[in-house]
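Chemist: So that we are looking at the same thing, I have put the structure below in structure tokens.
The values are calculated or read from the model by the stated rules, or taken from the named source; none is laboratory data. Since the model is a prediction, treat every value here as computed from it, not as a measurement. Every residue, glycine among them, receives a Cβ derived from its backbone with ideal geometry; neighbour counts consider all protein chains shown.
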Amino acid sequence: MGLPNPNPRVAEPTFGSNLLSALPAELFERPIVHTQPEPWVLVRKLFEGDGGRTGMSEQARVHMVTTMEHGRVREVSSSFGPASAVFGIGGGSALDHAKYTAWTRGLPLVLVPSLLSVDAAFTKAVGVREGSRVRYVGEVYPDHLLIDYPLIQAAPELLNRAGAGDILSIFTALWDWKEAGARLGEAYFPDVAAKSARLLDRLLGNGRALGDVTPEGLRLLAEQNVEEVRLCEMVGTSRPEEGSEHYLAYCIEARTGGHYLHGQLVALCIVVAGAAQGQDVEPIRTYLDRLGLDWRPEAVGVTREQLADALCAMPAYVREEKQLLPGVFHFMESLSPEEAEAILRRVL
Ligand SMILES: [Zn+2]
């Protein structure tokens, strides 16, 4: 069987320092900027009248993103006058809002992530919130995707280290995919799985550089995000990178109502789901220690009881959430408190 999309288009980042100042002047003529207070402080002088690259007043063009609720995002995006480009400078919400505005207005898009623990910079999907659900409403590619080291290094280290979680999840995702192929006859592409496994290996060999948030480490993480998006586009699902570890994370969020740092919660869930799969999770734990990303429940903000409760609920949870592709918890009839405790005892 051939790949659904052998040659997908993906965003191509530019790496370096002070990259905004090297962009073409016309983008700055009437810019719309979606940002957040911390990164804006670091870049605002580039957008200011005197010595800056644009003469417009700040209120007219700078929007501090606080929500991705669809109605509000639509209202904000249509409130700007004619513009030369849309800039998204910040974390996930700032980038998502900029993608939405550029997509609805048909404007050039510049994305400048201020931390690497979000995939909004690398994916084409334009996502908004409708209540508690995320809805994907369109697709857009950045004209410029800038991985600016000093800007990203200004963010708390934890936020960048947590970015490893969504690459590390390849460990449990590939097990699910292969098993679903063998047990259920689902389409499985060994070449793509092998490429994804190589991304994981490369990450596992580089804990120090990312842990210290060096340019080398940040570049590796960004390149891996691009490659991961490419592999998912090739097969048309997120099989190469996402599986039961994310399902467990969603279940914990749903049952506790808590908010967690995504990559850190995913790291914990990789260890637990990996154990549920019967894999040796030692290489993952060793990597996380070297990286300096604390994945223990108390660091993530979930109690051991909450974790055990969510684990027991998983077989029922994945049957209710019908959009989830089959993984280890689909293959279980149920999971008793004793069985859940046995899994946790192996890794905690
Ligand atoms: Zn994720």
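Chemist: Enumerate the pairs (first residue in region 159-179 and free of Cβ contacts under 8 Å to residues at least 24 places away in the same chain and away from the ligand (no atom under 12 Å from the Cβ); second residue anywhere and in a helix (DSSP H, G or I) and not polar (S, T, N, Q)) with beta-carbon separation below 8 Å, excluding pairs fewer than 6 apart on the same chain, so at least 6 apart or on different chains.
Modeler: 178/193
Chemist: Now, a different point. Please determine, by comparing only the residues of region 238-283 that are within 10 Å of the ligand (Cβ to nearest atom) and not in a helix (DSSP H, G or I), which one is nearest to residue 327 (Cα to Cα).
Modeler: That would be 242.
Chemist: Then there is this: Within region 140-151, can one find any residue that is among the charged types (D, E, K, R) and within 16 Å of the ligand (Cβ to nearest atom)?
Modeler: Within region 140-151 (the criterion being among the charged types (D, E, K, R) and within 16 Å of the ligand (Cβ to nearest atom)), the answer is no, since none of the residues qualifies.
Chemist: Separate question: Within the set of pairs 6+ apart or on separate chains, which have a first residue in region 62-83 that is under 19 Å from residue 125 (Cα atoms), a second that is assigned to a loop (DSSP other than H, G, I, E, B), and C-beta atoms under 7 Å apart?
Modeler: Filtered contacts from region 62-83: 65/36.
Chemist: Something else: Please tell me if residue 137 is in contact (Cβ under 8 Å) with a residue 24 or more places away in the chain, of a type in the set (A, V, I, L, M) and more than 16 Å from the ligand (Cβ to nearest atom).
Modeler: It is true that residue 137 is in contact (Cβ under 8 Å) with a residue 24 or more places away in the chain, of a type in the set (A, V, I, L, M) and more than 16 Å from the ligand (Cβ to nearest atom).
Chemist: Now a separate question. Of everything in region 176-191 that's hydrophobic (A, V, I, L, M, F, W, C) and surrounded by 20 or more Cβ atoms within 10 Å (Cβ to Cβ), which residue is nearest to residue 291 (Cα to Cα)?
Modeler: 177
Chemist: Can you run down the residue pairs with Cβ atoms below 9 Å, 6 or more apart or on separate chains, where the first is in region 181-202 and within 15 Å of residue 4 (Cβ to Cβ) and the partner is at pLDDT below 95 and loosely packed, with under 12 Cβ neighbours inside 10 Å?
Modeler: So the pair list comes out as 187/1; 189/1.
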